[in-house]
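Worksheet for the structure shown next.
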Amino acid sequence: MGILSRFRDIMKVNVNALLDRTEDPEKTIVDYMRNLNSDLGKVKAETASVLADERRAKRALDECKAEIKKLQNYAEKAVEAGNNEDALKFLDRKEMQVEKQNQLQTAYDLASTNNVSMKQMQDKLVSDMGQLEARRTELKGKMAAAKAQQQMNSSGSSLGGANAAFNAMEEKANHALDEAMALAELRAGAKEDDLDDLIAQLEKKTSTDTNTTTNAEDELAAIKAKMKKHE
């Protein structure tokens, strides 16, 4: 019987349910596609033989039916001719052909059923292969989309890292600038303080010089007064 022995197994397979249960759909698709191609090759190879069997069975059955009809006609003519003995012989042969016809009918029905089964299996295998191909295309699309998303995520992470590094550098530069400005302000303040000290010193010196000048004039006046007194 060959591939026909697997008719029920092939016909009851649900490809989508099979793929939904597996943990590795891609590998399952590849493996099952290989099996389907093998089964389809066997179906095509045996279909010709099954079809030939059906045609032979049909031809034998038709010939047997024709023989039965002919023997029935001979028996009727023998009766009309008054030859009952020959009529009985024709009817006996007809009975044998009727038994043969029953056997040939059974053989033809089986051959016809096998031929129909082969066609059903071929259609089922082609349909399963189409579904598998569609699922494989869908799976490839999802994998490509996932890969693209991963690349986008990777690029986004790199960009985020670069932005973070740039922000850190910018913050560091701003901190350094703030320190420099603060130092400049401190130094400017120190110069202003030095200038104030210098002015204070000058004012003190002027005051001292003024006091010194005043005392000298007083002494000079005192000397003149003393000299004038002695005159």
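The values are calculated or read from the model by the stated rules, or taken from the named source; none is laboratory data. Bear in mind that the values here come from a model prediction, so they are computed numbers and not experimental data. All Cβ positions, even for glycine, are placed from backbone atoms using ideal geometry, and neighbour counts span all protein chains on display. Quick note on the areas: whole protein, heavy atoms, side chains included, nothing else; ligands and nucleic acids left out. Shrake-Rupley method; radii C 1.70, N 1.55, O 1.52, S 1.80 Å.
Of all residues in the range 45-64, which are closer than 30 Å to ARG135 by Cβ and of a type outside the set (A, V, I, L, M, F, W, C)? Result: GLU46, THR47. Filtering the range 77-132 to residues that are more than 37 Å from the chain's Cα centre (by Cα), exposed (fewer than 13 other Cβ atoms within 10 Å of the Cβ) and acidic (Asp, Glu) leaves GLU80, GLU85, ASP92, GLU95, GLU99.
Annotation note: of ARG34, ARG21, ARG6, the sole residue that is open to solvent by 80 Å² or more (accessible area, probe 1.4 Å) and over 30 Å from MET143 (Cβ atoms) is ARG6. For first residues located in the range 138-163 and at pLDDT 75 or above, partners that are in a helix (DSSP H, G or I) and open to solvent by less than 60 Å² (accessible area, probe 1.4 Å) and lie 6+ apart or on another chain with Cβ distances below 7 Å form the pairs LEU139/PRO25. Could you pull out the residue among GLN131, GLN105, GLN120 that is in a helix (DSSP H, G or I) and within 23 Å of ALA66 (Cα to Cα)? It is GLN105. The set of residues from the range 1-34 being without any contact (Cβ under 8 Å) to a residue 24 or more places away in the chain and among the acidic types (Asp, Glu) comprises ASP9, ASP20, GLU23, ASP24, ASP31.
Conditions tested, residue by residue: (1) part of a loop (DSSP other than H, G, I, E, B); (2) of a type in the set (Ser, Thr, Tyr); (3) over 21 Å from GLU133 (Cβ atoms).
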{"site": "ILE3", "(1), (2), (3)": "no, no, yes"}
{"site": "ARG6", "(1), (2), (3)": "no, no, yes"}
{"site": "MET11", "(1), (2), (3)": "no, no, no"}
{"site": "LEU19", "(1), (2), (3)": "no, no, no"}
{"site": "GLU26", "(1), (2), (3)": "no, no, no"}
{"site": "ASP31", "(1), (2), (3)": "no, no, no"}
{"site": "ARG34", "(1), (2), (3)": "no, no, no"}
{"site": "SER38", "(1), (2), (3)": "no, yes, no"}
{"site": "VAL43", "(1), (2), (3)": "no, no, no"}
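Scanning the range 57-76 for residues that are under 30 Å from GLY2 (Cα atoms) and open to solvent by 50 Å² or more (accessible area, probe 1.4 Å) yields LYS58, ARG59, ASP62, GLU63.
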